[in-house]
Every structure is written in C-alpha cells, then in structure tokens.
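These notes concern the structure reproduced below.
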Amino acid sequence: MLSFDWKRTLVAAIALVSLVRSPVLAQETPDAGAPSVQPPRVQTHVSPSYPAGAGELAEPLVVRVAIVIGEDGVVRDAVADSEAPPAFAAEAERAVRGWRFIPAMQDGVAVAAQIRVPVTFAPRVAPAPSAPPRAAEESPPAAAPTTPAASPPPDAEEPVLDVTVRGSRVQNPRAASEVTLDRAAITAAPRESAANLLSSAPGVYVARGEGDAVAHEIYLRGFNAEHGQDMELSLNGFVPINQMSHLHGQGYADMNYLIPEVIESVRIVEGVYDPRQGDFAVAGSVNFDLGVRDRGYQLRSSFGSFNTFRQVLVVAPEGEADATFAAFQFRSSDGFGRNRGSLSGSAIASYEFPFPGRFQARLHVVAYGARASIAGVLRREDIESGRVGFYDSYDDPSANAQSALATRAQVGVSIERRTEAGARTSIALWMALVGFHARENFTGYTQYSRTMPTWAGRGDLHEQINNDVGFGASFQHRTKRLRPWAAVTGDVSFGLSFRTSHVTETQNLLEVPRNQTWDQRVDASVQATDVGAFVDTDWNFTRYVHLRGGVRADMLHFDVDDRLGNFIPQFRPESYVQGYRRTALGVAVGPRATLEIVPTPMLRVLASYGQGFRSPQARQLEEGERAPFARVHAFELGVRFLPNEGKRFSLTTAFYTTALSYDIAFDPEEGSLTRIGPTTRLGFVAHAIARPWDWLYLSTSVTTVRATLDAPPPATAENPSPAYVDGQLLPYVPPVVVRADGSATHKLFGIGDDDVIGRVGFGFSFLSSRPLPYGDFGAPLALLDATVSLRYRFLELSCDAFNLFDSRYAASEYSFVSNWQTSTHPSLVPARHVAVGAPLSVMFNLAVTL
Amino acid sequence: MKRAIWVVLFLVACGDTGQSSVTYPILAVGASSSSFEVEGWSIELTRADVAFGPLYFCASSGASSELCPEAVQEFAEDVSIDALAPGESRLGEVRGTTGEIRSARYDLGISWSITGNAPTASESAPDEHSFVVEGTATRGADSFSFSAQVDLPPVFAGGHTIAGQRTEVHVTDSDTSLTLSVPIEAWIAEIDFDELAALGVASVEIRDGVPALPDGSADPRQHARDSLAGAITNSHRIQFEWSTGE
C-alpha cells in the first residue's frame, strides 16, 4: 500500500531545493576553452529515516554526503562526512544511494559527476493532523523536517559544495562526423538485430546475406567492410568483437549475440582519428555500450511473419546501476523463403558495483548459440527467367545443405578508479571462446579436387570451421586536468592493450547428403597476438582552439601451422612431408590528430587526420614477413552547427578522404577474401538531428562517396582475366546512402490516473545503384521500416513492420562464375548473383514491464 | 536543389567499373563449294554438318579448365552448322565482357558435364555425332560414295574437346562480329581416297571402331576417320575471325 510521508517529503524537498538553487560550480576553475557544463539534477529520491536507536536531536543535524553520479544518473558511491554521528551518516548514505539523477551534461553528452549534498535530520516532532497515516514498515520514525520550506534552517541554504564533472574529455569528438546513437536514436526505428542499429549512422548500410547465424555485411563511406574487416567493433569499450585471422573473413565480427534491448548507446567514429582505435579501424570503429536505463523487469514476446517468434527477458533491478542487468533472448523463425529457418539464443548478464576508494568494477558474461539454414545466392538471370523463385533456393541438394552454426562464450571485467582531481585509471580483462561452422555453396558445381584431381562435380559446398580462443587485457590512465600555462589546459592519456587468439581453421569440400569430404583446402592453426600502446593528449588553447591527438603503435605476431602448405600434387613423388610452418611479426605505427576551432559557441570546425591499419590474414603471410598491414590514411574536414548546444538541433557536414594501401574483396570461389590492391575514397556527409519538442526525434543523413580502385593486381597465369582494372569504381560500394530516422511519443488519452502513451517511429534507407565487377551496376534500393505502439502502465503493445514497401531487393550482390546446372551448358562468364533481402515482415510485440 | 542533387549523384557515381558487357553475333561460313578436288579425286559433298559449341574465350593462352575458370566471352550453346550452306549463317550471339582474348576452348556437339559420368551428345548434334559428311568421290571411271560420322568427345569431366586454341583479339565493344570458318575442304583433303578406293566397294562408311587389318595396319575406314579427327582437332581447326561491324 502506498502512503505519503510528509516529513520525508519535506526533508527531500529541502535537499532538492538546495540542489536546484545552489550556485553549482565546476570544481575545476572554468577556463576559457572549457565546454559548457550542466550539473546533475535530482530525478527521484529516497527519504532518509530517523536512525533507530539514535538519540533525540536537540537541533537540526546536517550530514554532508559526497556522491558520485554516473553517466546514467545512478549514484555509484556515497560517503558521508566523517564528522557526522555514525548512525546518521550511515542512514544519509543509505538514502542518497537510492536517489536517481538526471546526469550532468557536457556539450549535450551525459557525463559522470561528483557532488556533495547536505542531508538534514531534525528533532522529531509530532505529525501534523492532516498528514496521511504512516505505513507500518516505515517505523522507526522518519527524519522530521527541520522547518517548513519557507523558512529553512541555516544549513538548508548551504549549497551543494562542489561538482566535479568526469569523463567528459573522453567524449570530445575526434571528427565532425563522429556520432553517438543514444536510446532515442536506437529506439526510433524497429530493429531486427543489434547490427541494424548501425544503419542509423551516416553512410552505413548493414546487410544480412548469409542467414541468421553469419555476421552481417557492413558498408560504410565507400568501404565494403564485409563481415567487419574494415570496422573495429567492440563491446563496453574493451572487448573486441572482431576476430583475427578468421577463415570466413579477416576481422569477422558477429554482432548477432547482442540483444538490442540492452544496448544503451553506440559510438561510431567514421575514420581513424582516435589513438584508441586499433586493429580493423580502417573505415571506422563502433563501440556498443550495454546498459538498461529503464529499470525493472521486462518480458517481451514477439510473433509475426514466417512463424517468427522472439522472447526477451530483461531483469534490471531498481536502484542498481544501468550496467547491472541480465537479459535473455530466444528467437526462432521459419525464414522468409526456402532453407532460411533459424534458431538462436543469447544471454547477457552484467553487474556494476563500486568499491571503496573510488573504485568501480563492471563484470559481464555472454553466452550465445545460433544455427540457421542458408538459402545461398541466386543467379539473377535464373530469377528473371523463372528457373528459381526470388525467395527460394536452388532445387539442388548441395544448395539446400547450406547452414551455419555460431557460438560464443565470453566474460569481461573492468575496474576503474577516478580521483577527485579528474584522473582516471582503468584495467580490463576479457576472454572469449567463439565458434563458427558454416557450409556454403556459392558457385554450384565448378570445383575440382586438389587431392584427387579426377574428383569433380560433387558440389562446391565449402565447409568452414573456425574456432577461436582469445583473451586480452587493456590498461588506460588519464591524468588530471593539467594547466601548463594560463590559457592552456589539457590532459594526457596512456594506454596499453593486449590480445591473443588461438585459431584453428579447417576448410573442406563436402558432398551431400552424407557430408563426405572430397577435398581439403585449409587445415591450419594460428596463434595471433596484438600488443598495442598509445599516447593521447587533449588540449584547449583558449576557448577557440582545441587540439587532440597522439600516436598508436601495434606489434602483431603470428605463428602459423599450415598443415596443407607445400601441397604435394598427386602426380609428384613425395620428397618431403607436407606442411608449412612459419612466423611473422610486424609493427604498425600511426599518428592521429584533431584540430577543433570554435569561432562561436554554436559552430565548431574540425579537421582530423589519422593513420590506421588492418592486420593481415595469417595464412597469407610468408616466413619472416614483416606482417604487411593494410594501412589507411584518413582525413576529414567538417563543421558542426550546434545552436543552443545542439539540444534541439544539430547539423554536421564534412568532406572526407581515405586511402587504403590494399583492399580485399570477397572471392566466392573459396568463400573468403582476396586482395584487390590500393583504393581511394572521396566523399561528403551531412547529418542533421532535430528534437524540436521532447516528444519528437528526427535524424537524417546523406553520404556520398567516390571510391576507386587504384592499382589492382595484374593478370597472372592463375587469374588471367582479373575482374578489376585501374581507376574503376570500387564494386559493391553504394555511392550515395541516405538515411532517415524518426519517432514521436505522446500521450494519447488517460484511463483512470494513468495515460495511454502512443508512439510511432520509422527508419528509411536509400542506396544508390551499386557498381559491380565486369561493368555491371546493381539496382538502387529503398527500404522503410516502421513501428507503432501503445503503452499503458506496465503494458506495451507494438507492431513492427520491416520493408514496408515490400521491395524485392538484393541484400548483397556479387559477380562471379557459377554452375547451378540450370542450362545445358554452364556459363563461364561472371554473372550477377544476389543474396536476397527479406520481404515485408510484420512482428507483433507484447511487453510487460514491472 | 534538384539540380544540385543530380550533380552530386553524377560526380560520385560516374565512372567505369572495369570491363563492360558486350554482345555480338557469331556467324559460320563453310565450304565455298560442295565440289572440289582432292589428290585427283573429284569430291562432291551432299551433306556436311558440324556440331559446334559451347565455345569459351579466355584471357589466358592455355584455355584449360584450370587456367581458364572464367571466360571473357562465350557462346554457351550448341548448334549444328550446315557447312555446305552458301554464305554466312548466323548461329547466335557471343556475350561477355570487353577484354583481351588469347585462346578458346570448345566442344563439337559432345560435351562432358563436370557432374556427368560420361560424355553426351547435344540435341543439335547431327545424328548425335560431332561431324557428319556424305558425298561421292570420282576419279575417271572410279567412283564411290562415302559417308563419315565422327565423334569427338572431351577426355574428362568438365573438360572440352578443343582446349587452348590460340586466338588473339581485343574486343572493345559490341560493334563486332565473329565468323567461324569451317575448313571442310581441308578436313576432307586429309582422307586418303586411294586407300578407300582400294576397298573396292561402292559405298564406304568411314567410322570409328573398325578392327585393324590382319597385318596389323589400320583399316582404311578407321584411318580415314582418324585423319578427319586429326584435322578437326589439330591441323585444321575451326578458325575465328572478328570484324568490326555486323
């Protein structure tokens, strides 16, 4: 039974008034170049009780409590003034720990803060006659108000003593186009998976061409990042999602294990300008930060098209930090066509807790498994001639034997300490076991056995097995704010990172239906290790000029046991034992720098430059090779228009160029990636976000790029007619990407004391015609997803529609030779193939939140 | 505004993507006349049908299945060429991409699919053979009719009857046509008609599988068949000639 305790309310009110009316000042003297700071504000509070057994107070007692408030508004730590009587100090700490705040904001970004609040205990007085009865469990008596708010005690006017804003400097943008997707952006459009969140970032297109258990394909600003080769993806800032030397694609990054409901924000740096960006940050980097801001218990059931069922359970106990939660997801589907069914489950648990001494720890564990059938690619001419249905697979046993299994078990822990002066030190450890077992046939019947040359035509069903056991650690330290000269402030950061993976790779050709192996292509073990270090600085030269940057160095070494190396053909007498073991080591060093000019508070001009790298596929290395990294040079010049600190509107425009020393592209013959030479990109991006009212969110972006291939590999005896020529447009990369997201949430009407809240949202993507090899162009693509929901108290009913136009589109397009025996004589001219995207799909969701 | 959008689209999307697609006609020309002289014999052909296709053009010099997994251009059909038809006959279209061609591989009506257990004749193959010819050989008072059925299958699954036939051309656009020259006279000229005449029969059937003579030498009919096969696959292959304009 709910009750009203006027005494507690008044005590809290006094504290609130203290907060709101206090002249909150930054602890650090504001310098000319310091960004604007908005202190934390109390959102909900817990009233203190009068300590049981404590003696009667003769006069009001003020206990000052220093509290640390996280970026999520949760109180992470509370320490009462040591001079306070222990019973009152403990009760003040207990109460304040239950408060929730609107977090401190700096430049529109939530940041951690430390404040001190006075909690006043007054002598107990009899309740006023009009006061509602006190609940039985509220005994012992609550702390009484000192006096009516109109005449507060002397200490009630005492301001919050200080506020220290923390973590803000890390959030300083490294490029104009850098974007952080908050929950408003994340939840605007319906999402089928966590990877689809990336579509809301400018210039990003995410495709799923190989079923529900294979990583998405990512396209970003002229890069065909395939399954992650050009995108550094991480979780909670320190757990890498990319895998080194993955058989299915270098930098393979499977995001399917992430549960969208527990992703609090996504930071996307398009380009490589931050010294923290490591391996695979070629087109950019993405970090998923997990957390649940809406606390409570949520059970969400979804059912819809193609017999798709999804069940999500999120447990986020009240009073705990946003990063403390447990979530479970189960999904099953028949798929939108033949051989597309899937089954998956994912569990993520995360716990954040403070330690004495300003330490804060965060632990998370992940378990994931998925198996999906794969319909495979279809020749476009076979679709057009009606030989195969658009959403079908080939009527061939090898085609319908395609599937993938993915598993992941992961644990990560991070410990961080922040000093009052603003210094921050953190260390993090992680370990992950990631399994991948796929059977895919892209080319039908074209392959000959290397082992037994007379074996042919048994189906190009490539079995790929990649098992990765990896662990790593990272250490970072950022100094307190330094002031070497009066007008210059800044800090210096140092970081170390380490990761090592033991990867076993196997690739065979299988003959269905008994999966008999008829050729071996890969049988190798790889030990890959990356040790990285960086130095980063962030300096403000007056309020107008900010300079950030540093340098990063990575040393990678590889130990490869290629058991099929030095292959002995059948016709050659054996004169040695087959196998090729080798080691390689290389160092990649790259500077990164960002110059920010702030001519007016609402205008920021950023020029960014950086060098990044991508590690090589280990099996392509030769003995003693200096690990030839793919190096990228990225430059961006952009302007941010942020009227009123961008709270209601922001506009970003930027020109960018990137040059990559060598690119790699998908080779369907082997189902893996091959080098295609250096590439260059030149483009422009514009991104606007509007929040004209609290209930409306709109975001739109346009990204254009001209991506060209500078020097493709020359013709060889093995490949006399290479698909690429100098200066050609980079295949598969859309020159124009348009994205729009929007949502509106508003009270519709009331039922009793509660409102019925309605919400609509959408996400729209447009991709211009994509160039393909051999002179082809793919069709342009326009997709609209939409959602509508009604929420009443703890119930929410919603409907998500994906591909509302029911467009028939190619999620991915390729051009290569295949033989699916759909004609009398096979074509040997590379032909367009498509992995089709899903048709109109509707999901009905019922969510119960307690 | 619209204009600006189109300008942006043009700037970023214009440009080539490497090779471009080409499609051009493939023609065949056979014997200039059905009557011709071979070593004193007057040959009068009444039928000369050649099975042809599929045909693949490769960028490599040796167009085997290993060295040419991808073709630059192709005629992935099978047809029967009436080599006695006057003038050029159109067979269909070659399609592919622009680029350098250095060799060709093709079948002569009998193909062996990569998934097949044995070679099979195409539906268009004349009487299910690679080459069928009928005619009369006359020298003075000596005269006899002859016919030949020659089968020329690939030797392994996924392979082709003719592989690595050198041919040099750079096809830059579709304003091209390809003419196949079928050298019927040269093929027939490889037959030893004196040897066949020595059989003393009015009608000679040249074919494969004829037993050797008691002295171990080849039967003239087998010899003639082998001569024809050698001419078709080695010494006098079908020739390719590209010309600008159809």
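Only the coordinates and a few stated rules stand behind these numbers; no lab work does. Just so we're clear, the structure is a prediction, and the values are computed from it rather than from any experiment. Cβ coordinates were reconstructed from backbone atoms using ideal geometry, including for glycine residues, and neighbour counts include every protein chain displayed.
Please report the orientation-averaged projected area of region A:716-850, defined via the convex hull of its C-alpha atoms, in nm². Display every interim value, and only then the final one.
Numbers: hull surface 51.4 nm².
The number I arrive at for region A:716-850 is 12.9 nm².
Using 0.36 nm per residue, how much length does the chain from residue A:44 to residue A:568 gain when fully extended, once their Cα-Cα distance is taken away?
Working: separation 524, 0.36 × 524 = 188.64 nm, distance 7.31 nm.
Extending this stretch completely gives an extra 181.3 nm.
When ranked by the protection proxy of mean other Cβ atoms within 10 Å per residue, highest first, what sequence do the peptides B:42-54, A:496-508 form? It would help to have the intermediate numbers written out before the result.
Values: B:42-54: 21.6, A:496-508: 19.4.
Per-residue mean Cβ counts within 10 Å order the peptides as B:42-54, A:496-508.
What is the Cα centroid distance between region B:115-133 and region A:355-434, reported in whole angstrom?
With region B:115-133 and region A:355-434 each reduced to a Cα centre, they are spaced 52 Å.
Work out the length of the dipole vector of region A:237-343 about its Cα centre, built from +1 on the beta-carbon of each Lys and Arg and -1 on the beta-carbon of each Asp and Glu, and round it to the nearest 20 debye.
Dipole size: approximately 460 debye.
What are the principal axis extents of the Cα atoms in region B:175-246, in Å, biggest first?
Sorted largest first, the three principal extents are 58, 23, 15 Å.
Please give the direction-averaged projected area of the C-alpha convex hull for region A:430-532, in square nanometres with one decimal.
Averaged projected area of region A:430-532's Cα convex hull equals 10.6 nm².
Applying 1/(1 + (r/R0)^6) with R0 = 25 Å to the Cβ-Cβ distance of residue A:690 and residue A:318, what FRET efficiency is obtained, to the nearest 0.05?
The computed FRET efficiency comes out at 0.15.
Using a basic spin-label model with each label point 7 Å from the Cα along Cα→Cβ, how many nm lie between residue A:746 and residue A:578?
Between residue A:746 and residue A:578, the label points sit 7.0 nm apart.
I'd like the FRET efficiency for residue A:597 and residue A:409, computed as 1/(1 + (r/R0)^6) with the beta carbon distance as r and R0 of 51 Å, rounded to 0.05.
So, using R0 = 51 Å, E works out to roughly 0.60.
Averaged over its residues, how many other protein chain Cβ atoms are within 10 Å of peptide B:111-118's Cβ atoms?
4
Can you find, among A:313, A:283, A:344, the residue farthest towards the positive end of the dipole of region A:263-352? Put +1 on the C-beta of Lys and Arg, -1 on that of Asp and Glu.
A:344
How would you rank B:137-148, A:248-259, highest first, on the average number of other Cβ atoms within 10 Å across their residues? All intermediate terms of the calculation are to be shown ahead of the outcome.
Details: B:137-148: 15.9, A:248-259: 25.2.
The peptides rank, most packed first, as A:248-259, B:137-148.
Angle, helix A:86-97 long axis vs. longest principal axis of chain A, Cα atoms, 0 to 90°, nearest 10?
Helix A:86-97 and the main axis of chain A meet at about 40 degrees.
Kindly put A:82, A:199 in sequence by how many other C-beta atoms sit within 10 Å of each C-beta, fewest to most. Before the final figure, lay out the partial values.
On the way: A:82 8, A:199 22.
If I rank by nearby Cβ atoms, fewest first, I get A:82, A:199.
Does region A:257-354 come out rounded, prolate or oblate by the C-alpha gyration tensor, with a ≥ b ≥ c the root eigenvalues, rounded set by a/c under 1.5 and, if not, prolate when a/b is larger than b/c and oblate if not?
oblate
Given the peptides A:541-554, A:729-742, arrange them by the average over their residues of other C-beta atoms within 10 Å, most packed first.
Order by mean packing, descending: A:729-742, A:541-554.
Of B:23, A:87, A:434, which is farthest towards the positive pole of the protein assembly as shown's charge dipole, taken about the Cα centre with +1 and -1 on the beta-carbons of Lys, Arg and Asp, Glu respectively?
Sorting the options by dipole projection puts first A:87.
Which whole-number percent gives the relative contact order of region A:711-828, counting Cα pairs below 8 Å spaced six or more residues apart?
Contact order relative to length: 19 percent.
Write down Rg/Rh for region A:188-274, rounded to two decimals, with Rg from the C-alpha atoms and Rh from the Kirkwood relation over Cα pairs. Mind dumping the intermediate values first?
On the way: Rg = 12.2 Å, Rh = 13.3 Å.
Here Rg/Rh amounts to 0.92.
Counting pairs of alpha carbon atoms under 8 Å apart in space and at least six apart in sequence, what relative contact order in percent does chain A give? Could you put the intermediate results ahead of the total?
Numbers: 2518 pairs, mean separation 90.5, N = 850.
Relative CO of chain A lands at 11 percent.
Across chain A, what fraction of all alpha-carbon pairs, as a whole percent, falls in each successive 10 Å bin from zero upward?
Cα pair-distance distribution for chain A, in percent: 2, 12, 21, 24, 19, 11, 6, 3, 1, 0, 0.
I'd like the per residue volume of the convex hull spanned by the Cα atoms of region B:100-246, given in cubic angstrom.
That works out to 151 Å³ per residue.
Quick check: the distance between the Cα centres of region B:199-228 and region A:629-661, to the nearest angstrom?
Using only Cα atoms, the two centres lie 82 Å from each other.
Suppose we keep just the DSSP beta bridges with both residues in the protein assembly as shown; what percent of those would be antiparallel, to 5?
Values: 399 of 415 bridges.
Of the beta bridges lying entirely in the protein assembly as shown, close to 95 percent run antiparallel.
Once you average over the residues of A:814-827, how many Cβ atoms of partner chains fall within 10 Å of each Cβ?
Numbers: counts 0, 3, 2, 3, 0, 4, 0, 3, 0, 3, 10, 13, 10, 7.
Taking the mean over all residues of the peptide, I get 4.
To one decimal place, what orientation-averaged projected area in nm² is obtained for the convex hull of the Cα set of chain B?
The Cα convex hull of chain B, projected and averaged over all directions, gives 17.3 nm².
What does the charge add up to near residue A:340, with Lys and Arg as +1, Asp and Glu as -1, over the other residues with Cβ less than 12 Å from its Cβ?
Within the 12 Å Cβ shell, the charges total -2.
Please tell me the relative contact order of region A:576-627 in percent, rounded to the nearest whole number, where contacts are Cα pairs under 8 Å and at least six residues apart. Intermediate results must be reported in sequence, preceding the final value.
Numbers: 58 pairs, mean separation 25.0, N = 52.
RCO, region A:576-627: 48 percent.
Only Lys, Arg, Asp and Glu count, each charged at its Cβ (+1, +1, -1, -1), so figure out the dipole size of region A:311-457 about its Cα centre, rounded to 20 debye.
420
In region A:601-632, which GluC sites (Glu not before Pro) fall in coil by DSSP and have 12 or fewer other Cβ atoms within 10 Å?
Here the GluC sites (Glu not before Pro) that fit, given the DSSP loop and packing criteria, are A:622, A:623.
On each of the three principal axes of the Cα atoms of region A:377-429, give max minus min coordinate, whole Å, ordered largest first.
In descending order, the Cα extents are 71, 23, 12 Å.
Taking the Cα centre as origin and putting +1 on Lys and Arg beta-carbons and -1 on Asp and Glu beta-carbons, what dipole magnitude results for the protein assembly as shown, to the nearest 20 debye? Don't jump to the answer; show the numbers that get you there.
On the way: 89 positive and 126 negative charges, 1235 e Å.
The dipole magnitude comes to about 5940 debye.
Given R₀ = 56 Å, what would the calculated FRET efficiency be for residue A:754 paired with residue A:659, taking r from the Cβ atoms and rounding to 0.05?
0.45
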